[in-house]
Amino acid sequence: LSSEAYMVDHPAPWSHKTGEISFGFCSGVQVDKYGNVNSTCIGPVDSPKVQLVGPILVTEHMALFGREYIMIPRHERRHFVEQVDHISGVGFPGGRKEREKLRLSGSGPAYIYTPKCIFSFDDEGKIYVKSIHPGVSKEDVIQSTGFDVGNLDDVPVTPEPSPEELRILREEVDPKGILFPRPG
């Protein structure tokens, strides 16, 4: 597997510090209701139950990028917690104003994508369910999340991708079928 994306300007490793990156993607093992991400350890740092891979630029992504998209491959209570065990990437601790007080230049997480729903953040920095994926019940989202997601009565169903969006994903983003394997 080789990368089909790379930086061309010098000093490439430092461009994230100059505000040149408008968005990024990250993941972790825990996310809390403030959008904080944990990819460091489960349990206390001095004697963790599980030692994870570490922040691997999650810190820079969440602090400096224009906006961040968090991808969580499993939507379970143990992944969506009231408060993460360790903050590897800062979301909105105490809201957007608190983020500004920390002098973080990036705008923080924009969306959290899961197999069940899409989360977003309001003007105050509070998390909410933006949409629920087709075939997933509101009750499933509530039961699979370790914090209060509020009233889901008016939450729309996530729209299916359009034929043009599917074409772009299949032909331009992933022409070799690595990310989106083709049947047969």
With the structure loaded, tell me whether HIS16 is part of a helix (DSSP H, G or I), at pLDDT below 95 and either surrounded by 12 or more Cβ atoms within 10 Å (Cβ to Cβ) or β-branched (Val, Ile, Thr) (or both) or whether it fails that test. yes
Across segment 34-53, what is the total count of residues that are assigned to a loop (DSSP other than H, G, I, E, B) and open to solvent by 60 Å² or more (accessible area, probe 1.4 Å)? 7
Taking segment 147-162 on its own, how many of its residues are open to solvent by 80 Å² or more (accessible area, probe 1.4 Å) and either within 23 Å of ILE72 (Cα to Cα) or modelled with pLDDT under 95 (or both)? 5
Residue identified as surrounded by 15 or more Cβ atoms within 10 Å (Cβ to Cβ) and either under 20 Å from the mean Cα position of the chain (by Cα) or within 23 Å of ILE56 (Cβ to Cβ) (or both) among SER144, SER105: SER144
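Yes/no matrix, rows are residues, columns are (1) open to solvent by less than 70 Å² (accessible area, probe 1.4 Å); (2) at pLDDT 90 or above; (3) of a type in the set (Gly, Ala, Ser); (4) not in a loop (DSSP other than H, G, I, E, B):
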{"site": "PRO55", "(1), (2), (3), (4)": "yes, no, no, no"}
{"site": "GLU68", "(1), (2), (3), (4)": "yes, yes, no, yes"}
{"site": "ARG78", "(1), (2), (3), (4)": "no, yes, no, no"}
{"site": "GLY94", "(1), (2), (3), (4)": "yes, no, yes, no"}
{"site": "ARG99", "(1), (2), (3), (4)": "yes, no, no, yes"}
{"site": "GLU124", "(1), (2), (3), (4)": "no, yes, no, no"}
Checking VAL129 against (1) of a type in the set (Val, Ile, Thr); (2) in contact with a helix residue (DSSP H, G or I) (Cβ under 7 Å, 6 or more places away or on another chain); (3) closer than 29 Å to PRO48 by Cα, only one condition comes out false. Which one? (3)
Where the second residue is open to solvent by less than 50 Å² (accessible area, probe 1.4 Å) and not in a strand (DSSP E or B) and the first is closer than 11 Å to PHE23 by Cβ and lies in segment 52-73, which pairs have Cβ atoms under 6 Å and are six or more apart or on separate chains? PHE65/ILE21; PHE65/GLY106; GLU68/HIS61; GLU68/MET62
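The values are calculated or read from the model by the stated rules, or taken from the named source; none is laboratory data. If you're wondering where the values come from, they're calculated on a predicted model, not measured in any experiment. All Cβ positions, even for glycine, are placed from backbone atoms using ideal geometry, and neighbour counts span all protein chains on display. The area values use the complete protein model at the heavy-atom level, side chains included, leaving out ligands, DNA and RNA. Shrake-Rupley method; radii C 1.70, N 1.55, O 1.52, S 1.80 Å.
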